[in-house]
1. First measure r as the distance between the Cβ atoms of residue 43 and residue 190, then evaluate 1/(1 + (r/R0)^6) with R0 = 41 Å and state the FRET efficiency to the nearest 0.05.
2. Please report 116, 147 as a ranked list, fewest other C-beta atoms within 10 angstrom at the top and most at the bottom.
3. Using alpha-carbon pairs under 8 Å, 6+ residues apart, how would you state the relative contact order of the range 25-129 in percent?
4. Assuming R0 = 30 Å, can you tell me the calculated FRET efficiency for the pair residue 199 and residue 17, based on Cβ-Cβ distance, to the nearest 0.05?
5. May I ask you to sort 70, 97 by Cβ crowding, counting other Cβ atoms within 10 Å and putting the fewest first?
6. Taking the Cα atoms of the range 40-105, what is the range of coordinates along each of the three principal axes, in descending order and whole Å?
7. Under a plain spin-label model, where a point goes 7 Å from the Cα along Cα-to-Cβ, how far apart in nm are residue 103 and residue 60?
8. Order these by the 10 Å Cβ neighbour count, fewest first: 82, 127.
């Protein structure tokens with residue numbers, strides 16, 4: 001029926017509009033980051049560019065991402081600078097506590113912003129669950145989000161990390177990153193244009209027999225995770 005088609009189209013446009021308003025609200029919050037990164041000669045707040053990179057890679061890995069996943073990707077590091085790492089004790093326990101508290105903070109702030117925009121509670125709850133990485137490896141969307149996080153790190157931050165750490169440390173981090181990804185993320189990672197040094201480090205990380213086995217595992221070993229959501 002023509003009327004029903006018009007209503008559906010109007011609803012889709014309204015949904016797209018509210019997503020855009022939410023993304024812009026997240027960007028406004030992250031634009032306050034005092035830490036800057038030089039991108040193509042321009043100084044940009046670090047968490048602002050991080051959020052946009054997350055959105056860009058989500059679009060590549062999962063073109064049909066749900067509204068909640070689209071929002072969760074953009075607010076993954078929402079106002080991260082307000083809780084710096086050095087505000088927690090050194091060592092693994094301090095690091096893990098910091099990461100746990102960050103997830104809670106990002107989810108809470110995202111919820112506040114979405115509520116101010118009039119989002120329904122069920123969407124807010126879903127975005128917050130994704131940001132907190134609940135049911136990782138069991139929830140398809142959480143795994144896609146984790147894949148995006150890993151690929152963004154490899155594509156945009158690995159080179160700087162490698163320049164500041166010994167090779168053994170970089171190889172260790174690459175192995176841990178690889179273990180977090182599904183075949184979807186691994187395929188994207190292997191397609192990245194690494195330079196010779198970074199490519200060698202990745203090869204070293206995947207040289208371990210167990211890791212290599214995971215690298216070539218068939219998509220069937222991770223049902224659902226390799227399919228667009």
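Bear in mind these aren't lab numbers, they're just calculated from the coordinates by the rules spelled out. All of these numbers come straight from a predicted model, not from anything done at the bench. Cβ placement follows ideal geometry from the backbone for every residue including glycine, while neighbour counts extend to all protein chains displayed.
1. On the way: r = 32 Å, r/R0 = 0.78.
In this case the efficiency is close to 0.80.
2. Details: 116 10, 147 26.
Neighbour counts put them in this order, fewest first: 116, 147.
3. Working: 100 pairs, mean separation 26.0, N = 105.
Computed value for the range 25-129: 25 percent relative contact order.
4. Working: r = 43 Å, r/R0 = 1.43.
For residue 199 and residue 17, the calculated efficiency is 0.10.
5. On the way: 70 18, 97 13.
Sorted ascending by nearby Cβ count, the order is 97, 70.
6. In descending order, the Cα extents are 40, 32, 17 Å.
7. Here the modelled spin labels are 2.6 nm apart.
8. On the way: 82 13, 127 27.
Arranged by neighbour count, lowest to highest, 82, 127 become 82, 127.
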